[in-house]
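Data block below; observations after.
The values are calculated or read from the model by the stated rules, or taken from the named source; none is laboratory data. The model shown is predicted, which means the values in this text are computed figures rather than measured ones. Cβ placement follows ideal geometry from the backbone for every residue including glycine, while neighbour counts extend to all protein chains displayed.
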Amino acid sequence: MARILITGISGLLGINLAMEALQNHEIVGVDRGKLKSAPFPVVKANFYDRHVFIPALDAFHPEWVINCAALTNLEECERYPGQAKILNTKLARDLAVDCAERHIKLIHLSTDAVFDGTKQDAYTEQDEPNPQSIYAQTKLEGERAVQEIYQQATIARVNFFGWSLSGRRSLAEFFFNNLSEGRNVNGFTDVIFCPMWVTDLSRTLIAMLEKNLSGLYHVVGSRAIDKYQFGLEVARRFGLRENLILPLSVEDSDLTARRSHNLWLSVHKLSTDLGREIPSFSTGLDGFYTQFQQGYPQKIRSYQQ
Ligand SMILES: NC(=O)c1ccc[n+]([C@@H]2O[C@H](COP(=O)([O-])OP(=O)(O)OC[C@H]3O[C@@H](n4cnc5c(N)ncnc54)[C@H](OP(=O)(O)O)[C@@H]3O)[C@@H](O)[C@H]2O)c1
């Protein structure tokens with residue numbers, strides 16, 4: 001059993017990671033005040049103020065810190081680049097300094113979006129990033145700061161789906177919510193990604209910590225799919241109407257932040273170093289559906305009251 005401090009505990013990854021890690025580890029979360037009755041202790045802190053975080057580290061003495069806090073909305077990052085810089089770059093740098101000083105193992109979450117998507121093949125960890133948005137740029141600067149300051153830290157470039165506290169944080173929820181209400185939605189046919197079920201991601205991150213992996217890893221699902229097809233897969237799994245999903249090019253959408261077309265990332269390094277197969281979105285969707293049947297979304301949302 002290890003003591004794990006998770007930042008961004010109210011986020012899509014944070015809450016699901018905590019639920020998974022809680023089975024074998026001691027968890028403390030850092031939150032701005034959303035969680036009221038979670039099954040683990042929560043420290044209240046706003047990361048715009050650096051000094052609120054250090055007392056939490058020193059009081060709990062974690063062996064591991066997993067940094068899930070970020071400004072993740074791409075459109076908001078374009079509108080508020082200063083905030084994106086603080087949460088996606090400066091916080092990562094500060095945490096690397098604090099964890100290095102205390103010899104605490106750090107996993108920092110980054111993104112598949114660091115790549116420009118022009119490669120015809122899967123991106124490896126050796127490929128040169130070329131971020132296309134403020135979000136991707138500030139995330140890349142965050143991962144570089146962590147690498148420079150703390151070589152033993154782990155950086156995980158991810159993309160995932162699951163149930164969130166707000167019910168609106170993942171692409172799978174977006175398709176589920178709209179299709180359940182009988183609403184048409186667009187599905188991008190020219191954005192390829194490798195989504196991983198958040199519980200598979202949580203298990204993988206814990207396995208990486210247990211194996212003491214460090215350095216840069218692509219931690220995504222083992223199969224690539226475009227976002228339109230992914231919507232169809234969600235519809236099929238939940239028995240919802242596939243024809244409500246309209247195929248669209250991302251270039252014809254009204255999104256302001258630029259999206260990369262190909263975010264197919266190789267998980268070869270991860271799979272080799274962990275000595276196991278990396279799951280694909282397909283088995284993950286089964287788990288996502290089972291959680292729905294078991295009332296998991298309602299369960300995690302009740303922690304907000
Ligand atoms: N979701 C994906 O598919 C995806 C893809 C690529 C990379 N990632 C990366 O994975 C990590 C986790 O993503 P996610 O989807 O779980 O993000 P998320 O749902 O947006 O959660 C972000 C977390 O950061 C917290 N936060 C934001 N501003 C804060 C502040 N000023 N002080 C304290 N906490 C603050 C949020 O708190 P509130 O709830 O109070 O806002 C929330 O808990 C991030 O590093 C993200 O860049 C995610």
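Worth a mention:
- Taken over region 91-113, the residue count meeting the criterion of being assigned to a helix (DSSP H, G or I) and free of Cβ contacts under 8 Å to residues at least 12 places away in the same chain is 1.
- Test: residue in region 16-34 that is closer than 22 Å to GLN298 by Cβ, surrounded by fewer than 19 Cβ atoms within 10 Å (Cβ to Cβ), within 13 Å of the ligand (Cβ to nearest atom) and modelled with pLDDT under 95: yes
- Matching residues, region 161-206, being in contact with a Ser or Thr (Cβ under 7 Å, 6 or more places away or on another chain), closer than 28 Å to ASP273 by Cα and not in a loop (DSSP other than H, G, I, E, B): PHE161
- Restricting the search to strands (runs of 3 or more DSSP E) fully inside region 1-82 and requiring at least 3 residues that are within 19 Å of the chain's Cα centre (by Cα) gives 3-7, 26-31, 64-67.
- Looking across region 147-159, just one residue is closer than 18 Å to HIS218 by Cβ, away from the ligand (no atom under 12 Å from the Cβ) and surrounded by fewer than 23 Cβ atoms within 10 Å (Cβ to Cβ), and that is GLN147.
- Selected residue (criterion: surrounded by the fewest Cβ atoms within 10 Å (Cβ to Cβ)) from residues of region 101-116 that are more than 14 Å from the ligand (Cβ to nearest atom) and not aliphatic (A, V, I, L, M): HIS103
- Residue check, SER37 in contact with an Asp or Glu (Cβ under 6 Å, 6 or more places away or on another chain) and either under 26 Å from THR138 (Cα atoms) or more than 12 Å from the ligand (Cβ to nearest atom) (or both): no
- Only a single criterion out of (1) more than 15 Å from the ligand (Cβ to nearest atom); (2) modelled with pLDDT under 95 is not satisfied by LEU57, namely (1).
- Test: residue in region 137-146 that is touching a helix residue (DSSP H, G or I) at 6+ places or on another chain (Cβ under 8 Å), more than 9 Å from the ligand (Cβ to nearest atom) and either assigned to a loop (DSSP other than H, G, I, E, B) or touching a residue at least 60 places away in the same chain (Cβ under 8 Å) (or both): yes
- Residues located in region 207-219, provided they are within 17 Å of LEU140 (Cα to Cα) and either under 14 Å from the mean Cα position of the chain (by Cα) or assigned to a helix (DSSP H, G or I) (or both): TYR217, HIS218, VAL219
- Entry remark, region 160-183: residues being touching a Leu at 6+ places or on another chain (Cβ under 7 Å) and either within 10 Å of the ligand (Cβ to nearest atom) or free of Cβ contacts under 8 Å to residues at least 12 places away in the same chain (or both) number 6 in total.
- Matching residues in region 121-136 - criterion: being in contact with a helix residue (DSSP H, G or I) (Cβ under 6 Å, 6 or more places away or on another chain) and not small (Gly, Ala, Ser): GLU125, PRO129, PRO131, ILE134, TYR135
- If only residues of region 184-210 that are among the charged types (D, E, K, R) and under 28 Å from HIS108 (Cα atoms) are counted, the one that is nearest to the ligand (Cβ to nearest atom) is ASP200.
- The residues of region 64-85 that are surrounded by fewer than 17 Cβ atoms within 10 Å (Cβ to Cβ) and either within 13 Å of the ligand (Cβ to nearest atom) or of a type outside the set (Lys, Arg) (or both), listed by number, are ASN73, GLU75, GLU76, GLU78, TYR80, PRO81, GLY82, GLN83.
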